[in-house]
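Down below is the structure, laid out as C-alpha cells.
The values are calculated or read from the model by the stated rules, or taken from the named source; none is laboratory data. As the structure is a computational prediction, the values presented were derived from the model and not from experiment. Neighbour counts are summed over all protein chains in view; Cβ atoms, including those assigned to glycine, are modelled from backbone coordinates with ideal geometry. With ligands, DNA and RNA removed, areas are computed over all heavy atoms of the protein, side chains included. Shrake-Rupley method; radii C 1.70, N 1.55, O 1.52, S 1.80 Å.
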Amino acid sequence: MNPQGALLAPFATKKQLAGTAFVHLDGCLHATFRTKDFASALELVNRVGEAAEALNHHPDVRLGYGAVSLVLTSHDAGGVTVRDLELAARVQQIADTLGATARPARPTRYDIAIDCTDADAVRPFWRVGLGYIEITGDDGVELVDPRGLAPKVWFQHMEIARADRNRIHLDVYVPSDDAEDLVEAVLEVGGVLLSDEHAPDWWVLADVEGNELCVCTAAF
C-alpha cells in the first residue's frame, strides 16, 4: 500500500485517472471542466471547495465563464501523492453530478533554453528585460515569471559558443502518452528530427531553418 506522502510517477496514476478529466504532468494533476454558464462554474468550484476542506487538501483553481481549471499537487511532498488521487476522484464525482464535462485540451509546460558559455554574464540581461526573478531549480539558477504565467528561462552551458545555429530553443513538456503523437505531428508539417537518442524522455526537432524544439516528458 502506497504511503500517503509518497510521490507517484505518471505510470502509477494512469489506471486510476483513466476515464477522468485529470492528466498527470510535471508533478501535478490537471483538469479543465466546461459548464453551461458562470453560475454553474461557480457552483462546481464551491462544491470542490467543500470536498477539499473535508479532505484537508486544496487545489489551485481558475474560474471563468463556463469553465473551471484545477491543478492538484502535494506541495509538501513536491509532486503527486495518494491525497491528490483521492481529491481528483472526488472532484470527478462532483463534476459528473453537476453535468460538467471535461475540456479536451491537454496540459503542457513551455520552457525557454538559452545556450551560453557564461550564464552569470547573460542572465541579468534576461532577468531585467523580462521582469523575471531568479530561483534555484532543476537546471541551476533559472528565471521565472513572478506572476507564474510565462515560461521559465534556463541556461544551458556550452564549452564553445555555437555560431552555426540559433542558440535559443524551446522545450515543450507534454504527458508521456502524447509525446510521440506530437513528434509525428511536428514532422508532418515539415519538422526535422535531429535526435531521438534520449527518447522517450525527449526528442530534438528543428524547423526548416534549424530553429530547435525539444518535445519532453516528465518522470513525475
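How big is the dipole moment of the stretch 10-102 about its Cα centre under a simple scheme where the beta carbon of each Lys and Arg is +1, that of each Asp and Glu is -1, and everything else is neutral? Debye, nearest 20, please. Mind showing how you got there, number by number?
Working: 8 positive and 10 negative charges, 58 e Å.
Its charge dipole is roughly 280 debye.
Mind ranking HIS157, HIS24 by accessible surface for me, highest first, 1.4 Å probe?
Result, largest first: HIS157, HIS24.
What angle, in degrees between 0 and 90 and rounded to the nearest 10, separates the Cα long axis of helix 82-98 from the longest principal axis of the Cα atoms of the chain?
60 degrees
Once neighbouring chains are kept in place and the probe is 1.4 Å, which whole percent of the accessible area of the stretch 109-217 is contributed by carbon and sulfur?
Working: 3520 of 6570 Å².
Using a 1.4 Å probe with all protein chains present, the stretch 109-217 comes out at 54 percent carbon and sulfur.
Counting only protein heavy atoms, what percent of the accessible surface of the stretch 10-102 is carbon or sulfur at a 1.4 Å probe?
51 percent
State, as an integer percentage, the relative contact order of the stretch 114-217 based on alpha-carbon contacts under 8 Å between residues 6 or more apart.
23 percent
Counting other Cβ atoms within 10 Å, which GluC sites (Glu not before Pro) in the stretch 115-210 have at most 16 and lie in a DSSP loop?
On the way: sites: GLU134, GLU142, GLU159, GLU180, GLU184, GLU188, GLU197, GLU209; in loops: GLU159, GLU197, GLU209.
Within the stretch 115-210, the qualifying GluC sites (Glu not before Pro) (loop, at most 16 other Cβ atoms within 10 Å) are GLU159, GLU197, GLU209.
In whole angstrom, note down how far apart the Cα centers of the stretch 198-220 and the stretch 52-129 are.
The stretch 198-220 and the stretch 52-129 have Cα centres separated by 22 Å.
What does the charge count around ARG123 come to, taking other residues whose C-beta lies under 11 Å from its C-beta (Lys +1, Arg +1, Asp -1, Glu -1)? Walk me through the numbers before you get to the answer.
On the way: positive: ARG127; negative: ASP118, ASP120, GLU134, GLU142.
For residues surrounding ARG123, the net value is -3.
Just the accessible area for ARG165, please: 1.4 Å probe, Å², rounded to the nearest 10?
Taking all protein chains as shown, ARG165 has close to 60 Å².
Grab the Cα-Cα distance for THR108 and GLU86, subtract it from 0.36 nm times how many residues apart they are, and report the gain in nm with one decimal.
Full extension of this stretch gives 5.6 nm more.
Using the scaling law 2.2 N^0.38 Å as the reference, what is the normalised Cα Rg of the stretch 1-105?
Dividing the Cα radius of gyration by 2.2 N^0.38 Å gives 1.01.
Among the aspartates and glutamates, which fall within straight-line cross-link reach of LYS152, defined as a Cα-Cα distance under 18 Å, with same-chain neighbours fewer than 8 residues apart omitted?
ASP26, ASP111, ASP115, ASP120, GLU134, ASP138, ASP139, GLU142, ASP171, GLU212
Explain nothing, just the number: relative contact order of the chain, from Cα pairs under 8 Å at least 6 residues apart, as a whole percent. Before the final figure, lay out each step's value.
On the way: 398 pairs, mean separation 42.4, N = 220.
Normalised by residue count, the contact order of the chain is 19 percent.
Please compute the per residue accessible area over the chain with all protein chains in place, 1.4 Å probe, rounded to a whole number of Å².
Values: 12580 Å² over 220 residues.
The answer is 57 Å² per residue.
For the pair ARG165 and ASP118, what calculated FRET efficiency results from E = 1/(1 + (r/R0)^6), where r is the Cβ-Cβ distance and R0 = 22 Å, to the nearest 0.05?
On the way: r = 19 Å, r/R0 = 0.86.
Calculated value: 0.70.
For the chain, what Kirkwood radius comes out of the mean inverse Cα-Cα distance, in Å?
Details: mean 1/r = 0.0517 Å⁻¹.
Answer for the chain: a Kirkwood hydrodynamic radius of 19.3 Å.
Run the numbers for ARG127 and ASN46: contour at 0.36 nm per residue of separation, minus the present Cα-Cα distance, in nm. Walk me through the intermediate numbers first.
Working: separation 81, 0.36 × 81 = 29.16 nm, distance 3.82 nm.
Gain on stretching ARG127 to ASN46: 25.3 nm.
Viscosity 1.567 mPa s, temperature 4 °C: what is the translational diffusion coefficient of the stretch 109-217 from Stokes-Einstein with a Kirkwood Rh over Cα pairs, rounded to a whole number of µm²/s? Numbers along the way, then the final one.
Numbers: Rh = 14.9 Å.
It comes out at roughly 87 µm²/s.
Explain nothing, just the number: dipole magnitude of the chain about its Cα centre with +1 on each Lys and Arg Cβ and -1 on each Asp and Glu Cβ, in debye rounded to the nearest 20.
Dipole of the chain, to the nearest 20 debye: 920 debye.
So for the stretch 45-153, averaging the separation of alpha carbon pairs under 8 Å that are six or more residues apart and normalising by length, what relative contact order in percent results?
On the way: 90 pairs, mean separation 17.1, N = 109.
This gives 16 percent for the stretch 45-153.
Picking from LEU87, LEU194, LEU149, which is most flexible by a Gaussian network model of the chain using Cα springs under 10 Å?
Answer for the Gaussian network model of the chain: LEU149.
Name the residue, out of VAL172, VAL208, VAL61, whose mean-square fluctuation peaks in a Gaussian network model built on the chain with Cα pairs under 10 Å.
VAL208
Among CYS28, TYR65, THR101, pick out the residue whose Cα is farthest towards the positive end of the charge dipole of the stretch 10-102, where Lys and Arg carry +1 and Asp and Glu carry -1 on C-beta, about the Cα centre.
THR101
For VAL141, tell me the accessible area in Å² from a 1.4 Å probe, rounded to the nearest 10.
50 Å²
How large is the helix-only mean residue ellipticity at 222 nm for the chain, computed as the sum of -39500 (n - 2.57) over DSSP H runs with n ≥ 4, divided by its residue count, in deg cm²/dmol to the nearest 500?
Theoretical 222 nm ellipticity from helices: -10000 deg cm²/dmol.
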